[in-house]
Structure formats: C-alpha cells, structure tokens
Amino acid sequence: MDYILSIVILGGINMVAVLGLSIFTGFTGLFSLGHAAFVAVGAYTSAILTYYYFVNYYLALAAGAAAAGAVSLIIGAPTLRAKLRSDYFAIAVLGFGEALRVLLENLDITNGARGLPGIDSFTTLPIVAACLAGGVFVAKNFLRSRWGVACIAIREDPVAAETAGVRLFRTRLLSLVVSAVYCGLSGGLLAHFLSFIQPQMFTLVQSTQLLAAVIAGGMGSISGPLVASFVFIALPEALRVAQMWRLVAYGLLLVLIMVFRPQGLLGYSELSSLFRRGTGGKEERRS
Amino acid sequence: MFLQTLITGLSIGGIYSLMAVGYSLVFSVLNFSNFAHGAVIMLGAYVGLALATKLNLGLGLVLAGSVAGAGIIAVLNERLAYSSLRRRKAPSLYLMISAMGCSVFLENMVYATIGSRFYAFPEFFGRQVISLWGSSVSLLDTGAFVFSLLAIWGLHLFVGRTRTGIAIRAGVSDMTMCSLMGVDLDRLIAVVFLLAGGFAGVAGVFLGIKYLVYPTMGWVTNKAYIAAVIGGLGSLPGALAGGLILGVVETFVSTYVSSVLRDVFSFTLLVAFLVMRPEGLFGRGGEEKV
C-alpha cells in the first residue's frame, strides 16, 4: 500500500509541473526543453531553506516557487522579446539547463553532485492533492482571464494577436513565469517527498518527460496532460523491466504524435466535454 | 602556453563550427531548430567508430564513411519525421517537438542496444605534436581545425557556385516561389539534409577522436546552437565565426579562470548576445517571418 501511495504522490507532484508546462507549451505555443531546470530551482531553494535554516515547510515551498519564477524572469526577459523567434528561447533554456546543472554540482551549499540527503519529508498526499487542486483552479481561471486569452491568441497567430492589441513580450513572459512557478512548487514538493535531491535528477530526461506528457495529453488542454503524466509515471513503475526502453518510447511517441495526431489525446478540449457532449476531442484545429 | 591555448580553442571551435553549419543550413531552409542534429552527430561518430575498429580503415575512409552514413541518417530522419509535417505546413513548434523526439529516440536506442560504454577511436596520430614558435601543438588539433575550415569553405563554394546551391539560396529566401520556379522541393530539402548530415558526420568523428564515443555525446550540440545564435541564426559565415569565437573563449576561460565555470560562461555569453545583439554577428535579423 505504501508503494502505491508513493506512486500516487509522485504522480501528483509530476502533474503540478506538467500543469505549468501545459500553460506554456499547450496554451501559449512556445517550446521549452528546460522546464526541469525550474523544478530544480524550486527543489533546491526550498530544500536548502528547510535543511540549513529550518524555515517553515509551507514558506519554503512558496519560496521555491517564487525563486523559480524569478529565475524564469531572468531567462525570459532577454529571450522572449517580441522581435525574436521562439527558437532563441528554446536554445537559451537548453543552455540554461546545462549551466544550472554545472552550478549545482559545484556549489558548496548544494553539496555538489552527491546531492542533499536527509531533507525532512513533509510532503503528504493531502498536501499534494491540495496543491494540485489549487493549481488546476488557478490555471483554469488564468486561462479564462484576459491574460490567458491573450496567450491562446498568441499560440494561434502571433501577428494577428499583436494587431489586436496583445502585447507579445509581456504575455509570453507572464506565461513563462506562471509555468515556472508551477514547476518550482512541484520541485519543492518533490524534494520534501523523496528527502533526497541531486543535480542528476533534473536533466534533459526530466524535461522530455514533462514535454511528452503535455504533447501526448494534448495541447490546449488541462485534463489531457494531467492524465498522460499520471500514466507516464505509473506505467513504468508497473513495468519495471521496460525501464531502459522508456525513453525510447517517449521519443518515438513525440514523433508519432506530431506526424499522425498533433492534437494529442485530448487536444483543445477537456475531459469533461467528453461526458457532456460525447464528441469531445473531435474539434480539428486549422493548421 | 598562450599559443597552445589558442590552437586548442580554434580546433574545438572548428568542431563547433562544423556542427553549427549543419544546424544553420537546416534552419535557414526549413525555419525551425533541428534539435535532432546532436543525435545525427552521435550516430556519425558510431559509424566512424565501427569502420575504424571493425574494418581497420584509415582516417580518410573513416571520415568518408561517416559522412555518407550520417548524411543518409539525416535524410531518413527528414523523410520519416519532418516531411509530412512540412507538407501540411505545420507550425514550427510541431517540427521542433518532432525533432526533439527523434533526438531522444535515437540517443536512447543507442543506449539500449549498443550500451552506455565509452569507446575510444584507435589513435590515428599517436599523440604527435609539432613545435610552433616554442610551444608544442597537437597535430590532431591543427588537423581538425584546418579540415573544418576547408570543409566549410567547400560548402560556401557549393552554395555560391552550383545550380543546386543557387536553388538552396532561393529556398532560403522564399520556399513557395522557389517551388513555382520549378525546383523540386523534396529533392532540395533532401540535399540540404544530406549536407547537414555530412558535416555532422565529420564533427562526430573529430569529437570521437578528441574525446570519446558514447550515447550522450550529442549533447555538445548545445554549444553549436549557442555558436549559431552568436554568429546569427541561419547564416553560414556566422556559424563559422560563432563556433570559432565560442571555442576560443571557452578554452581561455577553462585554462585561465576555471574549467568548471566554462559552461556557465558560454551560457552567459549567449544571454549577453541576445541582450546586446540578438541578430548575431552576421544575422539577417531575428524576427519571425510572417
């Protein structure tokens, strides 16, 4: 039972990060292969606060999320400017992931590549569930707000959005910061659940897993990526043998989805619409 | 010491340039970041390694074989993963995701089948050094640098002088118009990927000789992306200059400041360029095409 519980908790923690990336990639249409770095910032910030300074757990979580948001602001400000192609951000965030790993491996306070052991394990299922529920609530409302609608407009057509008065730079940056805050929160939860973190845990592999969940679940959907990310966490646990082939499958999945079904599992619709109309997921998007 | 550092930097920079040229070529024609380029480089290195250890070929044939192998892999990659997206004019986000999927797939396929072992190339130069003004310079470094320059110069001539080269340049400025003028786009793009793959093969072999061959060796391509941005995304002279600058600066940082901070420094350089000169040294402006 403990084993199943821990899978459920891990799945939930992962879902919080996927929710963030879904806002950035699924709703704003920007590509990122470095969101694991924001998870790392959140994890290390909150862990260092509770480990060395005995800060309250909830404050530490908030600080981790805020730190991830602040770091994303530093990366986003020079790279997301309206005049620059989105490729610049993708390259910068890849470089940032590498640079951050090198820093984490060589700083004293992070205990280098050996990682931080013995972080208090405060994270429990109710806390994760509350964070996830709160996260979904905030995300839904964010996407219904003026800013969220602007994000979606940018995804559909940046030029048309700009002519309609959407400020590209601010909206993209806001979307990045919101997604990084989610990732930072997820990192804080993760550090205080596993009670051990090391730089190796936040590599390209993690970023790929987050992205694969968003793409497979469907862009422009909140529930789709959540379902997909849970499957991605639970399935490999169930099929321990396939460990080595997991990433092979993720890679193949990304390509196959892009070639055959770019809208993913639930592209541009929600799980609830399946029950309501029975035609959910059928809306093809013009491309 | 200074000269030695400079030559080492130039040789690493030469390899960065080879990688950045392939990436830039694809970028300038198809307008998306081909993140699978690193995986093609890695596979090129494995092809070269197989030829060198299994068939005991010399360096020339190993390079030729690796160029051909990586070129074919790159073309297949385009056919299977990008061509259908390209035909239905999917947003470049989709192409990027597909490319990243290819990269993850190929890398882990190698990891799962060949294994994570580190392989070394047989020593072609036997650590020979040549003395140059009192400092000893490795023959491999000089050779790699000179060869990279020659290869890029050859590409420059090809793009500038031949009919296919003219078609490529036409494709860069307007794909649709180019196709209306009777250029077979599928063939043009196959040629572009063949060239990019060929350069990836050379880069892979040099990287493998200089360091080792292993599944994640393609991650070095991050540096090539940074080099391409410094030089100006999509510009060939830019890719060359960006690669050389990045290689030299990195080597000086790791020799005189700290080898640990090298990667942090390259990232800082990238951000500095994006703030001060986002179009790069030779760029045509970083604006998104409408």
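Please work out how much length the chain gains when fully extended from A:TYR58 to A:TYR3, using 0.36 nm per residue of separation minus the C-alpha to C-alpha distance, in nm with one decimal.
That pair, A:TYR58 and A:TYR3, stretches by 17.3 nm at full extension.
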- Message: Cut-off is 10 Å between beta-carbons; in what order do B:PHE199, B:PHE124 appear when sorted fewest neighbours first?
- Response: B:PHE124, B:PHE199
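Over chain B, how many pairs of lysines fall under 26 Å by alpha carbon, counting only those 8 or more apart in sequence or from different chains?
Lysine pairs meeting the criterion: 4.
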- Task: Order by neighbour count: A:SER32, A:SER186, fewest other Cβ atoms within 10 Å first, most last.
- Result: A:SER32, A:SER186
- segment A:2-202 - charge dipole about Cα centre, Lys and Arg +1 at Cβ, Asp and Glu -1, debye rounded to 20: 660
- Enter the per residue convex hull volume of chain A, computed from alpha-carbon coordinates, in Å³ rounded to the nearest integer. 136
- By the Cα gyration tensor axes a ≥ b ≥ c (a/c under 1.5 gives rounded; else a/b larger than b/c gives prolate, otherwise oblate), the shape of segment B:184-229 is prolate
- Task: Please label the shape of segment B:1-160 as rounded, prolate or oblate, based on the square roots a ≥ b ≥ c of the eigenvalues of the alpha-carbon gyration tensor (a/c under 1.5 means rounded; beyond that, a/b larger than b/c means prolate, else oblate).
- Result: prolate
- Angle between the Cα long axis of helix A:35-52 and the longest principal axis of chain A, 0 to 90 degrees, nearest 10? 30
- About the Cα centre of segment B:96-211, what is the dipole size in debye to 20, counting +1 per Lys and Arg Cβ and -1 per Asp and Glu Cβ, all else neutral? 180
- Message: For segment B:1-66, what does the relative contact order come out to in percent, with C-alpha contacts under 8 Å and a separation of six or more?
- Response: 20
- Relative to the longest principal axis of chain A, what angle (0 to 90°, nearest 10) does the C-alpha long axis of helix A:168-194 take? 40
- Note on the structure: From DSSP H assignment alone, runs of 4+ in the protein assembly as shown each adding -39500 (n - 2.57), the sum over residues rounded to the nearest 500 puts [θ] at 222 nm at -23000 deg cm²/dmol
- Can you give the FRET efficiency for A:THR124 and A:ARG170, using 1/(1 + (r/R0)^6), R0 = 35 Å, r = Cβ-Cβ distance, to the nearest 0.05? 0.40
- Task: Report relative contact order for chain A in percent, whole number only (criteria: Cα-Cα under 8 Å, sequence separation at least 6).
- Result: 32
- Treat the count of other C-beta atoms within 10 Å as a stand-in for reagent exposure and order B:ASP174, B:ASP263 from fewest to most. B:ASP174, B:ASP263
- Message: Less than 12 Å Cβ to Cβ from A:ASN106, Lys/Arg counted +1 and Asp/Glu -1: what total charge do the surrounding residues give?
- Response: 0
- Item | Shape of segment B:199-287, Cα gyration tensor, a/c cut at 1.5 | oblate
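Every number in this text was worked out from the coordinates using simple rules, so none of it is lab data. Note that the structure is predicted; figures quoted are calculated from it, not measured. All Cβ positions, glycine included, derive from the backbone under ideal geometry; neighbour counts span all protein chains shown.
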